[in-house]
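Peer 1: Could you have a look at this structure, given as structure tokens, before my questions?
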Amino acid sequence: MFEDFMVRAVVAGVGVALIAGPLGCFVVWRRMAYFGDTLAHAGLTGVALGLVLGTEPIVGIILTGLVIGLALMILERQRRVPTDALLGILSHSALAIGLIVIGFMESVRVNLMGYLFGDILAVSASDIAWIYGGAAALLAILFTVWKPLIAVTVDEDMAVAEGINAVRTQLVFTVLIALTVALAMKIVGVLLVTALLIIPAAAARRFARSPESMALGAAILGAVAVIGGLFASLQWDTPSGPSVVAAAAGLFALSLFAGATIRESVR
Amino acid sequence: MPDTHTHDHAHAHPTQVPVQMNDPLVSVENATLTRHGRRILENVSMGVGRSEIVTLIGPNGAGKSMLVRTALGLEQLDTGRVMRAPGLKIGYQPQRVSLDETLPLSVRRFLTLTESKSDEDLNAVLDSVQVAHLLDASVHTLSGGEFQRVMLARAMLRRPDLLVLDEPEQNVDTAGAVEIYQLIAKLRAETGCSVLLVSHDLNVVMAATDRVYCLHGHVCCSGTPDEISGHAEFLRLFGPAAAKTLAVYPHHHDHEHAPDGSVTHAH
């Protein structure tokens, strides 16, 4: 049958897809794709921080993710700098600083390609425990803020006037995204994290009639992309992280076609 | 209705609200607000009493929406004070809500974003704005006028103490606008809620309003529609033709046009 590493890779990848899909929907709805990118790029600084602190890289990734996420949230609320420019500045400087710091650490061998493009075939049993524990906790938190988060996403002013605490809701969301990015980095790497967040969500849009069905669809399509991508990478010996993203992109292309067909048949 | 400061002491009243009112549900005192170096509100005081319909009028850029947003706590003042009755339940229809096409949302879901409602309530409120047939339609397929009615229904559905409507007549033809204001007046008569309106359509709004603030960065004048139509500041801002239109409102059609094009005859 399959090698153990393959089984672990599929299990880990599906775990990440289950949380990345629903959260990715919010990234799409709130037009935050670049925000996800920035968090992912900052993850590399996080890896460097983890090395400096002598902890697990994921601890450094989570810490930088939280700091960058909260800083962005505050700066965005002040509306002083255009958000996209701000994200571009933070995103690329975080990536550059991370690369420089890692470059200095000659004593430690860092698998840079692994962080940039993911190293899903190298996941261990403890990684899987991290991923499933993390994904379960994140999904539980997402579930508790689901309704206010949807209301704030539809129209923040209306939600606030109706008594929703938008700042708290957004704070929770920012933390969720930062943690999800940290989990997903292991699988697809810094450069492809955003893809795992937004492509399954975008693919699910064509079939969804409610926010909930879109979130569920994104989780399922993400899992399908992980499984399809990994088997493709085994079959044709392609890099695994990029193969997962390519599979997700393929599903998105199919969804455009299928969505159009469904719409025609409804008429 | 929340139990507010119903005691009758003078100190419970704002000091410089120019027009007498009993127990303001919401009041803004001496508000000054600057955005991007531009003075938008200059020492503005305004209040809405219990069961009162208050309309803000003024030219584009007069700060009407900003004043409303200030009263709702959506904007921070440079100086001045905002008071809202504790536990005040607000139904807010913003001037503009842009719904992202990527977020699948039915009218039913849009109406129940922050509060669950029974089918009976949903049907009744949509029926009152004559769009009951749209309950399960996607919000993305609605016309501008239909969406405007759904927004109004949404604001009313919460049985608010204070209904805040920012240009509810936009995208609706004149007959539709007359209908909307009749509906607002009827709602106030039935539920005793207060209404804060923003409008620049003098023709139709005045029939249903108790008090008018004419705004142009500052409060030019305020009072009953009759009082302000003769006011020099009002005449300067809107011209004598506009003042004349204040007198034309009571006018009846023998039939009404539903949004779907059908004609309903009055009995």
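Here, each number is a calculation from the coordinates, and none is a lab measurement. Everything quoted here is computed from the prediction, not taken from an experiment. For neighbour counting, all protein chains shown are included, and Cβ atoms are generated from backbone atoms with ideal geometry for every residue, glycine included.
Peer 1: Suppose R0 equals 51 Å. What FRET efficiency, 1/(1 + (r/R0)^6) with r the Cβ-Cβ distance, do A:L70 and B:E227 give to the nearest 0.05?
Peer 2: Working: r = 51 Å, r/R0 = 1.01.
Approximately 0.50, to the nearest 0.05.
Peer 1: Helix hunt in chain A: which complete DSSP H runs extend at least 27 Å axially by C-alpha with mean Kyte-Doolittle at least 1.0?
Peer 2: A:4-29, A:33-53, A:57-78, A:83-104, A:125-154, A:166-188, A:211-236, A:240-266
Peer 1: Another question, if that's okay. Would you work out the charge dipole size for chain A about its Cα centre, treating the Cβ of every Lys and Arg as +1 and the Cβ of every Asp and Glu as -1, and quote it to the nearest 20 debye?
Peer 2: Numbers: 15 positive and 16 negative charges, 120 e Å.
Here chain A has a charge dipole of around 580 debye.
Peer 1: I've got another one for you. Largest first, please: the extent of the C-alpha atoms of the stretch B:83-209 along each principal axis, to the nearest Å.
Peer 2: Extents along the principal axes, in whole Å: 37, 35, 26.
Peer 1: Okay, moving on. Tell me, how many Å apart are the Cα centres for the stretch B:34-72 and for the stretch B:110-153?
Peer 2: Between the Cα centres of the stretch B:34-72 and the stretch B:110-153 lies a distance of 28 Å.
Peer 1: Quick one: check the C-alpha center-to-center distance for the stretch A:1-79 versus the stretch A:82-134, whole angstrom.
Peer 2: If you average the Cα positions of each part, the centres end up 9 Å apart.
Peer 1: Provide the per-residue ³J(HN,Hα) series for the stretch B:126-141, in order, calculated from phi with Karplus coefficients 6.51, -1.76, 1.60 and θ = phi - 60°, each as a whole number of Hz, with x at glycine and proline positions.
Peer 2: Result, rounded to whole Hz: 5, 4, 5, 9, 6, 10, 4, 5, 9, 3, 9, 6, 6, 5, 6, 9.
Peer 1: Also: What is the magnitude of the charge dipole of the stretch A:98-182 about its Cα centre, with +1 placed on the Cβ of each Lys and Arg, -1 on the Cβ of each Asp and Glu, and no other charges, expressed in debye to the nearest 20?
Peer 2: 220
Peer 1: Here's a follow-up. Return the inverse of the average 1/r over all pairs of distinct C-alpha atoms in the stretch A:93-191, which is the Kirkwood hydrodynamic radius, in Å to one decimal.
Peer 2: About 16.0 Å, per the Kirkwood formula over Cα pairs.
Peer 1: So which aspartates and glutamates can A:K147 reach, going by Cα to Cα under 12 Å and dropping same-chain residues fewer than 8 places off?
Peer 2: A:E212, B:E115
Peer 1: Quickly work out the B:R35-to-A:S213 label distance, labels modelled 7 Å from Cα along the C-beta direction, and quote it in nm with one decimal.
Peer 2: In this crude label model, A:S213 to B:R35 measures out at 3.7 nm.
Peer 1: Taking the Cα-to-Cβ direction at A:V59 and at A:R168 and moving 7 Å from each Cα, how far apart do the two end points lie in nm?
Peer 2: 3.1
Peer 1: Which number do you get for Rg(Cα) / (2.2 N^0.38 Å) in chain A? Mind dumping the intermediate values first?
Peer 2: Working: Rg = 18.4 Å, N = 267, 2.2 N^0.38 = 18.4 Å.
Ratio of Rg to 2.2 N^0.38 Å for chain A: 1.00.
Peer 1: Quick one: which residues, 5 or more positions from B:Q170 or on another chain, have an amide H under 5 Å from its amide H? H modelled 1.01 Å from N in the peptide plane, none for Pro or chain starts.
Peer 2: Under 5 Å from the amide H of B:Q170: no residue qualifies.
Peer 1: Quick check for you: which residues of the stretch A:150-194 have the amide N under 18 Å from the point 7 Å beyond the Cα of B:H140 toward its beta carbon?
Peer 2: Residues passing the 18 Å test: A:150-151, A:153-155.
Peer 1: Residue separation times 0.36 nm, minus the C-alpha to C-alpha distance between A:I141 and A:M105: what's the value?
Peer 2: The span from A:I141 to A:M105 would gain 9.3 nm if fully extended.
Peer 1: Among A:V152, A:A125, A:P242, whose Cα sits farthest toward the positive end of the charge dipole of chain A (+1 at Cβ of Lys/Arg, -1 at Cβ of Asp/Glu, about the Cα centre)?
Peer 2: Positive-most Cα among the choices belongs to A:V152.
Peer 1: Hey, what's the Kirkwood Rh for the stretch A:140-267 if you take every pair of different alpha carbons, in angstrom?
Peer 2: After inverting the pairwise mean of 1/r, the radius is 16.2 Å.
Peer 1: Further question on the same structure: Given the options B:G144, B:L134, B:S118, identify the residue whose Cα lies farthest towards the positive end of the charge dipole of the stretch B:102-159 (+1 on Cβ of Lys, Arg; -1 on Cβ of Asp, Glu).
Peer 2: Toward the positive end, the furthest listed residue is B:G144.
Peer 1: Taking the Cβ of A:V14 as the center, what net charge do the other residues with Cβ under 15 Å away carry, scoring Lys and Arg +1 and Asp and Glu -1?
Peer 2: +1
Peer 1: Within 13 Å, Cβ to Cβ, of A:L192, how many net charges do the neighbouring residues add up to if Lys/Arg are +1 and Asp/Glu are -1? Kindly include the intermediate steps, with their values, before the conclusion.
Peer 2: Values: positive: A:K186; negative: A:D37, A:D119.
With Lys, Arg at +1 and Asp, Glu at -1, the net is -1.
Peer 1: Please state the charge dipole magnitude for the stretch B:102-159, taken about the Cα centre, from unit charges on C-beta atoms (+1 on K and R, -1 on D and E), reported in debye and rounded to the nearest 20.
Peer 2: 220
Peer 1: Shifting gears a bit: At a temperature of 25 °C and a viscosity of 0.890 mPa s, determine how fast the stretch B:102-159 diffuses translationally according to Stokes-Einstein, using the Kirkwood radius over alpha-carbon pairs as Rh; express D in µm²/s, rounded to the nearest whole number.
Peer 2: 221
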